[in-house]
Amino acid sequence: MLCTATMYLYSVTLQKAGGIQKAVYGSFSAPKVQEIVVSRGKSLEVFTTDGEGRLISLYYTEVFGTILSLSTFRLTGGNRDYIIVGSDSGKITILMYEREKATFVKIHQETFGKSGSRRIVPGSYLTCDPRGRAVLISAIEKQKFVYVLNRDGAANLTISSPLEAHKSHTITFDVVGMDVDYENPCFACLELDYSEVDEDATGEAAASVEKQITYYELDLGLNHVVRKATLAVERSAHALYAVPGGGDGPGGVLVCSEGLISYMNINHDAVAAPIPRREQVGDASLRPPVIVTGALHKQKKMFFFLLQTDVGDLMKVTLDYEKNKVSRVKIAYFDTVPIASSICVLRSGYLFVAAEFSNHCLFQFRSIGEDEMDLSRAREVKDLGTVVPFYSPRPWENISLADEIESLSPVTKMELTDVQGGSGKGLICLCGRGARSSIRVLQYGMGITEMAVSDMPGNPSSVWTVKTSARAEHDDYIVVSFVGATLVLSIGERVEEVTDSGLLLSSSTLAVGRLGDDALVQVHPHGIRHVRSDRRINDWKAPGRQQVSHASLTSTQVVLCMTGGDVLYFELDVSGQLLEVERVEGLGEVQALSLSPVDEGRKRAKFMAVAVGSIVRVLSLDPQNTMETVASQGLSENAQSLCFLPAGGLMYLYIGLGSGILIRSTIDKITGALSDNRTRLIGARGIRLRELRLNGESAFAALSSKTWVGYSYQRRVQLAPLAYTPVEDVSSFSSPDCPEGIVAVAGNTLRILSIDRLGEVLHQTAFPLDYTPRSFVRISGTSLIAIIEADHNAIASTVTDTDEMPKSVFGVVPGGKGKWGSRIRVMDLDKGVTVQCFALANNEAAVSLCISAFADRPGEQFLVVGAASDMVLQPRSCSSGFLYLYRINGSQGIEIVHKTAIDGIPSALASFKGRLLVGVGKLLRIYDGGKKKLLKKSENKFFPNLITSISVRGERIYVSDVAEAFHLVRYKKSDNALVIFADCTHPRWTTSSTLLDYDSIGAVDKFGNFFVSRLDAKLSEELDEDPTGARIKWEYGTLNGAQYKMDDVINFHMGETSCALVRGSLQAGGDEAIITAGVMGTIGAFIPFLTASDYKLFQSLEMHMRQENPPLLGRDHLAYRSSYFPVKGTIDGDMVETFLSLSPERQRDIADSLDRSVSELQKKIEDMRNRIL
């Protein structure tokens, strides 16, 4: 990595966040279209479902701010929903989604307060009137605003000035818009008034203060907000859900508190029902359940709620009522799903579960369940003084899993290493929490599902799929070409060989496809076979001794290249005959040929590309100038293949070279002129290009030492490798079981494949774990890794997992307060199997580990695991700490050597010159090896809080403190002392760090900041050259700090807490970068600039983008990236890349102001990302 005196970095997101904080649904793009909008903290994404029950991402955008709340509304009489967002910008934003443009359109943006996440600035809570007439936005404390929504004379949405509904000394816990039909809009707020608590020094008022529901009514006539009523509720109340009113229900709200759901309304007595409890081991059944999220489903004359408890169980809540009088609240166990942050019940019969951790799920309803619980297992519970139904979770009865969206959230640790036997590089991530934990291997490329593999009678050279009719929905034939033979397979319930297709089977095939509406055409070395719809066969034979070397075709055109250098052009006439239209003689030996796609509304392709030697020519196919050269381009070597790709309103010509270089040229759709050449090395051998269809649009495959796919995704051209073995040829494939797949040939096999998700940059392979993973290390020389797992409120060795009731959904057996479940696992990462697994006894929890060697045992490697017994997190304490020493026996695993008791929690471990460094609370110790236990040799007691990590390079030790950033330590052997000689100027709650060089450390903190701290190089050299170490020992700093300070050379606010940071390259030959992983699952990179001129160019471009394309929610971009410390030395690549989505006119204006061309800026932006991917 380039670590010069002045460091400049380029921040870019490699993989978008997977975690979801809030999800809402509605008809955003068109009437009666069910779509889901999710908030990922600092981004918004739109999903819809396809006909196969899969979630499809329609649009994703960074908002360059923090999303605090999200809701939807529909104006009275409207048929589309709007999205309303509260954020840290101090503004309320109303958005409309336009599917044709694939973007959010900002309808209104009203400023009401200061920017930033402040407790008295509204934005934390947001709710809308069910009739779409008003919206209330609330702060955590004191302030509330109500906006009136209406239409103007042109039927456009308007928003009023804010109406205040403030109340001092009030904390808000939830807000909801009540359904009052068309009476004055009313909002219910769950509040706590602490005015008396502040004045009471005894604390009695704090113990007796009540929560209450306050009803705020908007008087539309007076344009004023009044507090209509206040009702006392349970102290444990935490959530409100509006009950349908008017002609749909009784109105009012459901109040959720611990173990209880109550119906409440103005002038109505409270009606409560206990929440059924899951049968658990020990005292867990006595703990009252808590509702964490819920959703309302409403149909004509029927509605019900699905509310989820804190163990993942869904409760169906219905009401017995007559007119507006509710007599009973009925709660019944529905099914169990992963614990969610949001759930959405779609009108299309799906249940979307935005899981709190790990993957999100889309379920399909089988039934709507029962309204009543079986009371045979009911019993009285003391805390409620009433009878409570009990139940045991069961396999799904009312829902079935339809689709799953992968999510890394949260990533707790990450390492970059060789995977798959050293054949590639990948990121190993510890993800999830509790029973939904996993270790995942991330590799660059799109995931592939192998649908079928069949052996062939030989090694095929090419493969195609063909539809026999233009009206056919799926392919009818797979045509496989061998040397001197062709095999035709029919596609149906089974794929089987047929001989009556009419195609020539005694020769190899160069091209095959549909001609006209229902005919087939096959090009072979000796000519053309035209199979008519009535099975009549017309053959055209190559003249003389010439043979066909290359061919390309559309549904009305066929172009042949002959061995003598002639090019023949055929067209289909009105009678269905294939006629030769034009011939070009003596063009030269053709290496590649391709026809451009046929534009919508046209019958023929407009251009043809031909590669002759090192020149690519573009020929016109217009009837006025057929086969005339309109453009040409010289190459550094001969081209091997050509392919056209229309995307984003442009046409591209891709050229594959024998050296593995792929060239992309933009072709003018009118004149055919070539411009804006881009090159990229994608493999170690020649490239073969083949046309594909993905997501209903044109795409292509580039076959080299890896298989790459180019396609258009969300209005951008993407090029990514497939995470699959190399193949010889591919073609699009469609069948009833696989609507959009790929058929490929590799070796002597035919394979049917399906791409998991378009837009995926890093492919995931997941291996489930039992408890929350805390850390791991790679055992060098093997494919083994050692993982430590630990969970509070868990019972060791009681993790059950079955196919019908997976632990990832139904959870593990809770152990109670103070109980820990922990394991040490040794896993073979290549095979994905657990080699060894040890459960820790005596209520111990593993907290740290490392690989170490000891001077008294040369040639041996040891795994050291730090554990604590009866650990309490706050205040941090334990009854005893332990250091487990395991001998590593190569690929056989580990064996215990001994166990050493210590007097604290061993929070950090590191190997140091044949000894072991251990961080025990505030203490840094050196331990040496012993026969029966580890022996303490040295100690430093002067660290401020808690040591969280230790790194070593040479003589220098880098120690991270939980709240005070870094301390640089040197071991003085003569004095047997650990001496702190430098620390940081700013206190940082560091979560992860990595060494960049001897004097520089890159790190992230829990507030979402990335920074690089550096010790002055001249000072560092002087300290290392001091032979006595007296300068370190006798010089003292001020205010209990070290005598020397590290300076921050990089500051950048990422907007997401990150717990993992590594340095390295994602692919062989790629540039090094700093790679981060956030708790929401975002994978990002900081790429160093190679020249100062590039940094200045991107700095100017970033400044222009802040003005031309400001953040969607109104947050000031510079202030956002400087939320805690002023941004320094870093360019926001995500903001810069929005340049690619601007209109051509705006791009041209920005480029002119920078004295650059648009293509030059686009190439610079793409090259920065391509340096790491």
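A few points about this structure:
- Identity of the residue in segment 324-359, in a strand (DSSP E or B) and hydroxyl-bearing (Ser, Thr, Tyr), that ends up surrounded by the fewest Cβ atoms within 10 Å (Cβ to Cβ): Ser327
- Exactly one residue among Thr412, Thr449 is closer than 21 Å to Ile755 by Cα, open to solvent by 30 Å² or more (accessible area, probe 1.4 Å) and either assigned to a loop (DSSP other than H, G, I, E, B) or in contact with a Ser or Thr (Cβ under 9 Å, 6 or more places away or on another chain) (or both), and that residue is Thr449.
- Enumeration of residues in segment 1086-1100 that are over 18 Å from His1053 (Cβ atoms) and more than 27 Å from the chain's Cα centre (by Cα): Leu1090, Thr1091, Ala1092, Ser1093, Asp1094, Tyr1095, Lys1096, Leu1097, Ser1100
- When residues of segment 931-951 are limited to those that are under 13 Å from Val864 (Cβ atoms) and outside any strand (DSSP E or B), the one least open to solvent (accessible area, probe 1.4 Å): Leu934
- Test for Glu493: is it more than 30 Å from Ile405 (Cβ to Cβ), touching a Pro at 6+ places or on another chain (Cβ under 9 Å), charged (D, E, K, R) and open to solvent by 60 Å² or more (accessible area, probe 1.4 Å): yes
- Counting only strands (runs of 3 or more DSSP E) wholly contained in segment 578-641, the ones carrying 3 or more residues that are open to solvent by 40 Å² or more (accessible area, probe 1.4 Å) occupy 578-584, 628-634.
- Filter pass, Arg1063 being surrounded by fewer than 17 Cβ atoms within 10 Å (Cβ to Cβ), closer than 15 Å to Leu995 by Cα and modelled with pLDDT of 90 or more: yes
- Residue satisfying condition, being surrounded by fewer than 18 Cβ atoms within 10 Å (Cβ to Cβ) and either aliphatic (A, V, I, L, M) or in contact with a helix residue (DSSP H, G or I) (Cβ under 7 Å, 6 or more places away or on another chain) (or both), within set Val531, Val483, Val558: Val483
- Top-ranked residue in segment 43-73 [being part of a loop (DSSP other than H, G, I, E, B) and open to solvent by 20 Å² or more (accessible area, probe 1.4 Å); ranked as nearest to Asp737 (Cα to Cα)]: Glu52
- Filtering segment 115-131 for residues that are without any contact (Cβ under 8 Å) to a residue 60 or more places away in the chain, in contact with a Phe, Trp or Tyr (Cβ under 7 Å, 6 or more places away or on another chain), open to solvent by less than 40 Å² (accessible area, probe 1.4 Å) and not in a loop (DSSP other than H, G, I, E, B) leaves a non-empty set.
- All helices (runs of 4 or more DSSP H) inside segment 1111-1173 with 1 or more residues being in contact (Cβ under 8 Å) with a residue 40 or more places away in the chain, out of contact with any strand residue (DSSP E or B) (no Cβ under 8 Å at 6 or more places or on another chain) and over 24 Å from Tyr59 (Cα atoms): 1117-1121, 1144-1153, 1158-1170
- Residue pairs whose Cβ atoms lie under 6 Å apart, separated by 6 or more positions or on different chains, with the first residue in segment 154-170 and closer than 24 Å to Ile107 by Cα and the second surrounded by 13 or more Cβ atoms within 10 Å (Cβ to Cβ) and aromatic (Phe, Trp, Tyr), are Ile159/Tyr147; Ser160/Tyr147; Pro162/Phe112; Pro162/Phe145; Pro162/Tyr147.
Okay, residues lined up against (1) open to solvent by 20 Å² or more (accessible area, probe 1.4 Å); (2) under 23 Å from Pro393 (Cβ atoms); (3) aliphatic (A, V, I, L, M):
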| site | (1), (2), (3) |
| --- | --- |
| Leu218 | no, no, yes |
| His238 | yes, no, no |
| Asp248 | yes, no, no |
| Tyr263 | no, no, no |
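- Residue, nearest to Trp708 (Cα to Cα), within segment 667-684, restricted to residues that are among the polar types (S, T, N, Q) and open to solvent by less than 80 Å² (accessible area, probe 1.4 Å): Asn677
- Qualifying residue in segment 1158-1168 (condition: under 29 Å from Ser951 (Cβ atoms) and crowded, with 16+ Cβ neighbours inside 10 Å): yes
- Among the residues examined, Ile1150 qualifies as farther than 20 Å from Gly1002 by Cα, β-branched (Val, Ile, Thr) and buried (at least 20 other Cβ atoms within 10 Å of the Cβ).
- Picking from residues in segment 679-697 that are basic (Lys, Arg) and over 27 Å from the mean Cα position of the chain (by Cα), the one that is farthest from Val745 (Cα to Cα) is Arg685.
- Residues located in segment 274-323, provided they are in a loop (DSSP other than H, G, I, E, B), modelled with pLDDT of 90 or more and of a type in the set (D, E, K, R): Asp310
- Filtered residues of segment 1016-1047 (kept if assigned to a helix (DSSP H, G or I), under 18 Å from Asp983 (Cβ atoms), at pLDDT 75 or above and of a type outside the set (Ser, Thr, Tyr)): Ala1017, Leu1019, Glu1022, Leu1023, Asp1024
- Number of residues in segment 97-114 that are modelled with pLDDT of 90 or more, within 26 Å of the chain's Cα centre (by Cα) and either of a type in the set (S, T, N, Q) or buried (at least 16 other Cβ atoms within 10 Å of the Cβ) (or both): the value is 3.
- For segment 720-731, filtering for residues that are in contact (Cβ under 8 Å) with a residue 40 or more places away in the chain and either within 18 Å of Leu657 (Cβ to Cβ) or in contact with a Gly (Cβ under 9 Å, 6 or more places away or on another chain) (or both) leaves 6.
- Flag if Thr76 is of a type in the set (Ser, Thr, Tyr) and in a loop (DSSP other than H, G, I, E, B): yes
- Qualifying position, being over 27 Å from Ser454 (Cα atoms) and of a type outside the set (Phe, Trp, Tyr), among Asn677, Asn748: Asn677
- Looking across Ser822, Ser783, one residue alone is farther than 29 Å from Leu14 by Cβ, out of contact with any Cys (no Cβ under 9 Å at 6 or more places or on another chain) and either at pLDDT below 95 or surrounded by fewer than 16 Cβ atoms within 10 Å (Cβ to Cβ) (or both). It is Ser822.
The rows are residues; the columns are (1) part of a loop (DSSP other than H, G, I, E, B); (2) within 19 Å of Phe767 (Cβ to Cβ); (3) in contact with a Ser or Thr (Cβ under 8 Å, 6 or more places away or on another chain).
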{"site": "Ser808", "(1), (2), (3)": "no, yes, yes"}
{"site": "Arg823", "(1), (2), (3)": "no, yes, no"}
{"site": "Gln836", "(1), (2), (3)": "no, yes, no"}
{"site": "Ala845", "(1), (2), (3)": "no, no, yes"}
{"site": "Phe854", "(1), (2), (3)": "yes, no, no"}
{"site": "Gly859", "(1), (2), (3)": "yes, no, no"}
{"site": "Pro875", "(1), (2), (3)": "yes, no, no"}
{"site": "Tyr886", "(1), (2), (3)": "no, no, no"}
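- Hey, Gly656 in contact with a strand residue (DSSP E or B) (Cβ under 9 Å, 6 or more places away or on another chain), open to solvent by less than 40 Å² (accessible area, probe 1.4 Å) and part of a loop (DSSP other than H, G, I, E, B) or not: no
The values are calculated or read from the model by the stated rules, or taken from the named source; none is laboratory data. Given the structure is predicted, the values throughout are model-derived calculations rather than measurements. Ideal geometry is used to build each Cβ from the backbone, glycine not excepted, and the neighbour counts take in all protein chains shown. SASA here: full protein model, heavy atoms, side chains in, ligands and nucleic acids out. Shrake-Rupley method; radii C 1.70, N 1.55, O 1.52, S 1.80 Å.
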